[in-house]
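The values are calculated or read from the model by the stated rules, or taken from the named source; none is laboratory data. Because the structure is predicted, anything quoted here is derived from the model rather than measured. Cβ placement follows ideal geometry from the backbone for every residue including glycine, while neighbour counts extend to all protein chains displayed. Calculation scope for accessible area: heavy atoms of the full protein, side chains included, ligands and nucleic acids excluded. Shrake-Rupley method; radii C 1.70, N 1.55, O 1.52, S 1.80 Å.
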Amino acid sequence: MSIVRKGISDLEAQALLKKFGFNELPTSESKNIWKIALEVVKEPMFVLLVSCGILYVILGDYNEGIILLCWVFIIIYITFYQHKKTEKSLAALRQLSSPRALVIRDGKEIRIAGKEVVPGDTILLHEGDRIPADAILAESNHLLVDESILTGESIPVMKTVIDNSLDDIPNIFSGTLVVQGSGIAIVVHTGISTALGKIGKSLEYIEKNETHLQYELSRLIKNLFIGGLIVSVGVVAAYYYTRGDIMQSILHGLSASMALLPEEFPVVLTVFLSLGAWRLSKNKVLTRKPNTIETLGSATVLCSDKTGTITQNKMKIAEIYTGDKIYEENFYGQSPEFDINFLRTLYFASQKNAVDPMEKAISNSLFTNKPEEISMYPFREYPLSPELPVMTMVYMDTKNKETYNIYCKGAPEIVLQLCHVTGEKLKNYEEVINKFAKKGYRIIAAGKGNWLNEKLPDTQKDFSFDFEGIVGFEDPIRPEVPQAITECYEAGIKVIMITSDYPATAINIAGKIGLKHNDAIITGSELEKLSEAELKEKIKSTSIFARIIPEQKLQIIKALKSNGDVVAMTGDGVNDAPALKAADIGIAMGLKGTDVAREASSLVLLDDNFASIVAAIRSGRRIYDNLQKAMSYIIAIHIPIVGLVLLPAFFPELPVILLPLHIVFMELIIDPVCSVAFESEQEEEGIMKRKPRNSLAPFFGWKSIWKSIFAGMLLLLMVVSIYFVSILEGHAEQEIRAISFSALIIGNVFLILSTLSKSRSVFSVISLKNPAVIIIICTALILLFMIIYIPFLQQIFNFSNPGYQHFFFSIIGAISLLFILEIIKKNTSNTY
């Protein structure tokens with residue numbers, strides 16, 4: 001018995017498994033809660049929060065300390081929960097990680113888990129099997145393999161036994177699918193040594209940089225951290241110099257530190273990205289890297305693989321020619337003269353229960369439109385071969401047992417020869433074939449005939465066929481793609497199609513989906529001859545790349561990024577993975593995508609819906625806008641807090657307005673407003689009608705900073721005015737504090753309402769009914785009422801009730817503040 005038929009022994013398999021390891025691809029390690037917590041607390045602002053919290057506890061202010069420390073654990077929990085949720089979803093998507101394999105061991109056929117296959121194993125392949133490892137064919141019975149997972153080509157490839165001198169070079173590959181025939185192969189590479197694994201390995205050498213927003217906020221927080229320490233020391237010195245109480249000086253120094261340092265920045269960023277990822281998951285978009293969400297709003301180019309992304313990665317009959325006219329997709333409804341017998345010929349010339357995508361398309365076209373039961377099975381099959389790419393099925397005539405009905409299909413030029421078509425008819429058919437080829441169709445022809453002799457011939461060439469017609473197959477586009485591309489153009493996003501197909505096919509697909517290209521196309525062979533500088537220039541006006549190999553996809557992404565573009569790349573195959581990881585936003589298909597592609601991507605489309613990409617970009621823009629508004633509010637509201645803390649420090653004759661507990665109370669309003677109210681605010685009008693933002697532009701430029709400072713100064717001026725009015729009216733210190741604090745809270749409410757939108761008026765904002773805002777504002781006002789009018793809370797907050805009439809000026813001042821901010825918004829919203 002040959003080694004092929006006997007296979008290796010179980011003992012050999014165990015030894016090889018120890019040597020080479022499992023036949024599976026490594027995945028990124030899942031972080032535990034301690035690693036996530038460590039990453040969170042490395043941020044300088046969290047270090048400050050913990051330090052302040054501990055100091056408050058040491059100094060006896062347990063409420064403030066506990067609240068600050070609790071915030072740290074809340075953020076760690078949110079981050080950990082989102083990470084685990086994402087990893088769980090990815091695990092559910094892994095459909096190809098370990099297919100079952102039929103192997104021969106000790107001369108017996110056994111089925112094992114794909115991960116247990118080892119080099120040297122003999123594997124048996126049949127229709128529908130997914131090949132578990134790279135291998136060399138030892139025997140082949142008309143084996144057709146779908147290699148689109150590696151090459152992007154949806155057309156199956158015929159595999160034959162190769163020369164023994166090349167016994168270390170595989171010709172069938174892990175992850176590919178057998179669509180027809182059978183074979184026996186010897187495994188040569190498993191796991192990361194396979195072609196699929198090598199592409200996955202190459203991803204390790206592509207580095208991902210931190211986003212511009214992460215860098216900018218990190219720098220801002222560090223600067224504020226340093227500035228806060230300096231100011232805190234100054235406040236401690238000023239309080240001690242003017243008042244002489246060291247303990248109170250330290251407390252007020254820490255209060256100034258908390259007031260000046262907007263610790264909400266890291267909180268808000270984390271919550272926004274986590275909730276953004278959760279919202280995207282509701283729209284069938286899984287976020288593997290939440291930081292990518294803010295990058296979505298700046299995407300300028302969307303590079304899309306054709307097969308499986310723009311198209312459905314399956315075959316469909318596009319056009320049929322039966323000798324009189326061309327029938328398009330809906331051929332049954334186009335003419336009562338359409339002859340269904342041609343479809344029957346195609347069906348009878350195909351294998352039953354087919355895996356081949358073209359044979360599936362034939363079966364679907366016949367039974368979808370004419371659902372008669374066809375239960376005949378062939379008497380004999382003549383499979384296609386490299387020498388004669390035609391297959392013939394022989395059926396015994398049910399009425400005359402001595403007669404055979406024969407049906408063939410295959411390469412048009414060969415079928416025409418078998419049918420002995422000549423002269424004008426041949427010329428006519430060749431013109432149709434050329435016409436179909438220019439449209440990028442996969443073309444086959446069919447014929448049928450009879451055989452009266454009892455003995456069937458050895459070869460198909462001996463049959464006499466009548467030519468029936470020609471059929472063109474296409475990989476249909478996804479129906480949502482044209483509208484999604486239109487929206488991309490409206491949003492200022494350039495769409496580029498990258499495919500391994502011929503240029504004619506690519507141009508035809510581009511026309512169907514509305515891709516703007518002006519006949520500018522670069523092929524893989526042309527790309528090889530271009531220098532980096534030439535490619536950078538040509539890519540500015542090119543939207544189609546055809547006959548592209550995987551390495552060139554990565555080259556295209558790098559050229560775009562070097563031009564300053566923010567690149568989103570979609571794909572599903574292993575060949576897309578390096579480009580997916582190199583892109584600013586890698587978007588993998590979840591249903592038909594490979595594990596390697598998903599691991600390399602930032603986003604995963606759970607429904608493979610191209611339109612979800614546009615929804616993700618829209619969501620990214622909304623999140624970025626709301627994040628800007630939240631940061632603007634944070635800066636604005638800290639201005640009056642800082643001013644009210646510093647004012648008594650340098651003027652000892654003035655009553656102290658804000659104590660540490662008051663600042664904590666403010667934080668209890670500010671934090672949920674930033675983290676929840678702004679996050680849930682609806683998108684700005686025309687959000688997908690404006691150009692992508694400049695990714696290199698500062699997240700919060702000086703213009704925005706000065707606007708926030710101005711709004712904060714207005715609120716500070718309003719509160720300070722009421723503060724001095726209450727002093728002039730002769731109120732006691734606790735009443736002055738209650739009136740001033742109330743003015744700050746009421747003014748804060750109106751500041752929130754004005755900041756929630758950059759373009760809509762406050763009335764429009766209220767009419768849109770953001771529940772989170774209403775709940776937070778109502779809660780804040782109710783709590784304010786309680787701490788001023790309930791004696792127990794009055795004592796805790798150091799307040800006295802001054803009477804209802806003394807809050808009139810606070811309301812008038814807040815309304816005036818809102819009026820001024822709304823006028824400014826109206827005059828500047830057109831620049832947004």
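Remarks
- Residues (under 21 Å from L296 (Cα atoms), of a type in the set (F, W, Y) and modelled with pLDDT of 80 or more) located in segment 660-710: F678
- Neighbours by Cβ (under 9 Å, 6+ apart or cross-chain): first from segment 803-822, without any contact (Cβ under 8 Å) to a residue 60 or more places away in the chain; second buried (at least 18 other Cβ atoms within 10 Å of the Cβ): G803/E735
- Counted residues, segment 781-800 - those being modelled with pLDDT under 85 and touching a helix residue (DSSP H, G or I) at 6+ places or on another chain (Cβ under 9 Å): 5
- Output for segment 377-402, where each listed residue is out of contact with any strand residue (DSSP E or B) (no Cβ under 6 Å at 6 or more places or on another chain) and β-branched (V, I, T): T398
- Unique residue being closer than 25 Å to N798 by Cα, β-branched (V, I, T), open to solvent by 50 Å² or more (accessible area, probe 1.4 Å) and at pLDDT 85 or above when the list is V725, V749, V719: V725
- Index of the failed condition, N434 passing every other in (1) at pLDDT below 85; (2) open to solvent by 80 Å² or more (accessible area, probe 1.4 Å); (3) within 45 Å of the chain's Cα centre (by Cα); (4) polar (S, T, N, Q): (1)
- Filter result for L658 (at negative phi and either open to solvent by 30 Å² or more (accessible area, probe 1.4 Å) or in a helix (DSSP H, G or I) (or both)): no
- Residue count, segment 687-706 (criterion: open to solvent by 100 Å² or more (accessible area, probe 1.4 Å) and in contact (Cβ under 8 Å) with a residue 12 or more places away in the chain): 3
- Every condition in (1) open to solvent by 20 Å² or more (accessible area, probe 1.4 Å); (2) touching a helix residue (DSSP H, G or I) at 6+ places or on another chain (Cβ under 7 Å); (3) more than 30 Å from R693 (Cα to Cα) is met by A743 except one, and the failing one is (1).
- Among residues of segment 422-433 that are under 13 Å from G323 (Cβ atoms) and in a helix (DSSP H, G or I), those with a Cβ under 6 angstrom from a residue that is open to solvent by less than 50 Å² (accessible area, probe 1.4 Å) and among the hydroxyl-bearing types (S, T, Y), sequence gap 6+ or separate chain, pair up as V432/Y321.
- Only one of the numbered conditions (1) touching an Asp or Glu at 6+ places or on another chain (Cβ under 6 Å); (2) at pLDDT below 90 is violated by V567, and that is (2).
- Filtering I774, I787 for residues that are within 34 Å of the chain's Cα centre (by Cα) and among the β-branched types (V, I, T) leaves a single hit, I774.
- As a summary of the residue check, G701 satisfies the conditions (1) touching a Phe, Trp or Tyr at 6+ places or on another chain (Cβ under 7 Å); (2) closer than 24 Å to T295 by Cα except for the one numbered (1).
- Cβ-Cβ distances below 6 Å connect the following pairs, each with a first residue in segment 773-791 that is without any contact (Cβ under 8 Å) to a residue 40 or more places away in the chain, a second residue that is assigned to a helix (DSSP H, G or I), and a separation of six or more residues or different chains: I777/V749; M786/L793.
- All conditions in (1) under 26 Å from L280 (Cβ atoms); (2) among the hydroxyl-bearing types (S, T, Y); (3) in a helix (DSSP H, G or I); (4) open to solvent by 10 Å² or more (accessible area, probe 1.4 Å) hold for Y633, with the sole exception of (4).
- For segment 104-184, the strands (runs of 3 or more DSSP E) that sit wholly inside it and include 3 or more residues that are open to solvent by 20 Å² or more (accessible area, probe 1.4 Å), in contact with a Ser or Thr (Cβ under 9 Å, 6 or more places away or on another chain) and closer than 20 Å to S350 by Cβ are 134-146, 157-159.
- Remark: pairs (first residue in segment 112-124, more than 14 Å from E24 (Cα to Cα); second residue surrounded by 17 or more Cβ atoms within 10 Å (Cβ to Cβ) and of a type in the set (S, T, Y); Cβ separation under 9 Å; 6+ apart in sequence or on different chains) = D121/T190.
- Qualifying residue in segment 400-420 (condition: buried (at least 20 other Cβ atoms within 10 Å of the Cβ), at pLDDT 85 or above and over 53 Å from the mean Cα position of the chain (by Cα)): yes
- Close Cβ contacts (under 6 Å, 6 or more residues apart or on different chains) running from residues in segment 458-479 that are at positive phi to residues that are assigned to a strand (DSSP E or B) comprise G469/Y321.
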